[in-house]
Amino acid sequence: FQKGKTMREKNVREINLTKENICFTNKISVEDNVIAAECTLLFDVDKYFGTTTKKDNTWISFDVCWTPNGSVHAEYRLRSFDDCCKCLVDWRLTEEEQEIILDKMEEYCMQETGKTLQELWDSYEAE
């Protein structure tokens, strides 16, 4: 892969994303007209994304974004130990995955900020 290259996903999904196998790891941030958060995926990411992280000595950084219209989208970065982003992939979520991530993101936002996603967005817009 070329450094910083953006790719379209292969849509593999041998494993399903569930509420139990996704969690948020860092602070929620408001940036570029979205609320963003990094997720940890608690399953074999290669079977989900169709990557070869074990063989390539790389790992996945999975980010999700909420937009003010209430939709969510995701992307992942394939990273290496030299702190290089090998590629950035826009990951198309299924409707069920969107619902799961939205529910989890709402819970996490409330836990971290005491606000819903919409309330956090509204407070950011008011600044």
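The values are calculated or read from the model by the stated rules, or taken from the named source; none is laboratory data. Predicted model only: the values in this text are computed from it and were never measured. Here the Cβ positions follow ideal geometry from the backbone for every residue, glycine too, while neighbour counts run over all protein chains shown. SASA here: full protein model, heavy atoms, side chains in, ligands and nucleic acids out. Shrake-Rupley method; radii C 1.70, N 1.55, O 1.52, S 1.80 Å.
Worth pointing out:
- Choice from 76, 48, 108 with maximal GNM fluctuation in the chain (Cα, 10 Å cutoff): 48
- Principal-axis analysis of the Cα atoms of the chain puts helix 117-126 at an angle of about 70° to the longest axis.
- Accessible area per residue for the stretch 14-59, computed on protein heavy atoms with a 1.4 Å probe, is 57 Å².
- Multiplying the residue separation of residue 69 and residue 54 by 0.36 nm and subtracting their alpha-carbon distance yields 1.7 nm.
- Mean ellipticity per residue at 222 nm, deg cm²/dmol - from DSSP H runs of n ≥ 4 across the chain, formula -39500 (n - 2.57): -8500 deg cm²/dmol
- Rounded to the nearest 20, the size of the Cβ-charge dipole of the chain about its Cα centre is 800 debye, with Lys and Arg at +1 and Asp and Glu at -1.
- Structure note, pairs 27/115; 27/104; 19/115; 27/47; 19/55: Cα-Cα distances above 18 angstrom occur for 19/115; 27/47; 19/55.
- Computed from backbone phi with θ = phi - 60° and the Karplus coefficients 6.51, -1.76 and 1.60, the 3J(HN,Hα) list for the stretch 21-28 is 10, 9, 9, 8, 10, 10, 4, 6 Hz; x is used for glycine and proline.
- Residues with amide H under 5 Å from that of residue 40, placed H, sequence gap 5 or more: 23, 24, 25
- GNM result for the chain, Cα springs below 10 Å: residue of 19, 27, 54 fluctuating most strongly: 54
- Accessible area of residue 52 in the full protein assembly, 1.4 Å probe (Å², nearest 10): 60
- Accessible area per residue was computed with a 1.4 Å probe on protein heavy atoms; residue 46 scores about 30 Å².
- Most mobile listed residue (106, 95, 75) in the chain, GNM with C-alpha springs under 10 Å: 95
- Rounded percent of accessible protein surface that carbon and sulfur make up, the chain, 1.4 Å probe: 45
- Since only 100, 42, 113 are under comparison, the one whose Cα sits farthest along the positive direction of the charge dipole of the chain, derived from C-beta charges on Lys, Arg, Asp and Glu, is 42.
- Per residue, the stretch 62-121 exposes an accessible area of 50 Å² to a 1.4 Å probe, with every protein chain left in place.
- Since only 70, 88, 123 are under comparison, the one whose Cα sits farthest along the positive direction of the charge dipole of the chain, derived from C-beta charges on Lys, Arg, Asp and Glu, is 88.
- Counting only Cβ charges, +1 for Lys and Arg and -1 for Asp and Glu, the dipole size of the stretch 55-127 around its Cα centre is about 420 debye.
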